[in-house]
Structure formats: structure tokens, C-alpha cells
Amino acid sequence: MRGPGLNSQSHWNTKWLEEGKDTWRKYPNLFGKAISYIRPNTRLIDLGCGNGYFLGRIKKEVPGMVLMGLDVSSVGIFQLMDNYDITGMVSVLPEIPYPIEANSFDYVTMMDILEHVEDEKELMNNVFRILKPGGSVIVGVPEDHSNKYKKFIAEQNSEHIRWYDEERLYKAITYYGKNPKIEIIDDYNTRNGIVCKGKYYLGMGEK
């Protein structure tokens, strides 16, 4: 069971105050693969951007981008703007508030976020509302774990509301999107000097 206040602003403000720019949440392979699909000189919003590390990589690696981040954490948004000079907005997903307009982004990205949001379908509805016609959503989620370990891992990762396998991610993308594509990415993070390996699904869909 998820504890009180998890996925709240206060919870994530505490996380980003602790981690800051040196966060361990760098997902080098997942982020790198997602970035490889982004065309230069386009508009992109990252939902659940945290402190902006992923957006910072996009800014560095893909020329001519107009970038924006949205996150529940006011601390994360401050770090995004302060460290990377990228526009940010505080909001609680699945809400994507105005002045973010319909048909305004070529890409919507969500890296390690979808499993944290209560109303998956409402979030995807809002994602496709703000995408331009022909635009793409790019979603990264942790791989579903075997039944043997699921209960233990769910207790350890109580921020996660649900786990995804390929079928479930396909369903989430195709609520409102088309031409889904899903890959499995082997990745790792280094936390407190310990290398933690895992598998992630990277899903894409078009409006």
C-alpha cells in the first residue's frame, strides 16, 4: 500500500531538495534512446520533469528546441529553471492546465511518470489534447516484475500505483493514439555508489 502523501508536492519537494542537480535518476540508456527520436527545431513538453535533468540533456543534444517542463514539485521546477534555463510550471497530473493550449507541442514526454499517476486514461486524454496533429508521445516506464517479486517490490516502491507490461503500455498509448511502438531498454542508475540495473519499456504513439 502507498503511504500517505506519496506523489504529493511535499513528498517530491523533499526528494529534490535531497538530490538536487546531482540526482541519481539519470537513466542513460532510456533517456538516450528517447532523445534519438526527437527531431531538431520542434516543441516539446516533459510531464513529471522533476529537476529537469532529462530536459537538460535534450537542450544540450538536440538543436533548436523549444522546451517546457511540468511537475508537481515547486522545488523541482525551480531547479529546472535555475540549472537549465527552461520554462517550467507546477501542476498535479493528470491535469495539464491552461495556458498550455491544445495542439501546441510536437512531443510530449513522460519518463518514469505514468506509473505514478492515479488516472492514466485522463492523463493520456490531456496528452493527446496538447499534441499537434502528427505529434508523438514518448513514454518510459519500468518493466513489470515477476509475480514472485511483485509484492516485495511494490512495498519498496510505494510511489508506484501500477506496473506495466507491454500489453498494458500499448493499451495506455492507444486510448487516443495510433501507430504504437514499444521497445525494451536495459538500463542502470548509480545510487550511493551502487549500480542498480533494470529493464524499461519505451513506448511511442502518434496523434
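The values are calculated or read from the model by the stated rules, or taken from the named source; none is laboratory data. Fair warning: this is a prediction, and the values are worked out from it, not measured in the lab. Here Cβ is always computed from backbone atoms with ideal geometry, including for glycine, and neighbour counts include all displayed protein chains.
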Please find, among Thr23, Thr42, Thr14, the residue that is of a type in the set (S, T, N, Q), surrounded by 14 or more Cβ atoms within 10 Å (Cβ to Cβ) and at pLDDT 95 or above. Thr42
Could you please find all residues in region 26-40 being assigned to a loop (DSSP other than H, G, I, E, B) and in contact (Cβ under 8 Å) with a residue 60 or more places away in the chain? Lys26, Tyr27, Tyr37, Ile38, Arg39
Counted residues in region 174-198 being part of a strand (DSSP E or B) and either basic (Lys, Arg) or without any contact (Cβ under 8 Å) to a residue 24 or more places away in the chain (or both) come to 8
Against the definition (assigned to a loop (DSSP other than H, G, I, E, B), farther than 14 Å from Tyr176 by Cα and without any contact (Cβ under 8 Å) to a residue 40 or more places away in the chain), how does Glu118 come out, yes or no? no
Considering residues that are among the hydrophobic types (A, V, I, L, M, F, W, C), in a helix (DSSP H, G or I) and either modelled with pLDDT under 95 or farther than 25 Å from Thr14 by Cβ (or both), the number found within region 52-89 is 1
When the residues of region 160-180 are narrowed to those that are among the β-branched types (Val, Ile, Thr) and surrounded by 15 or more Cβ atoms within 10 Å (Cβ to Cβ), which ends up nearest to Gly48 (Cα to Cα)? Ile161
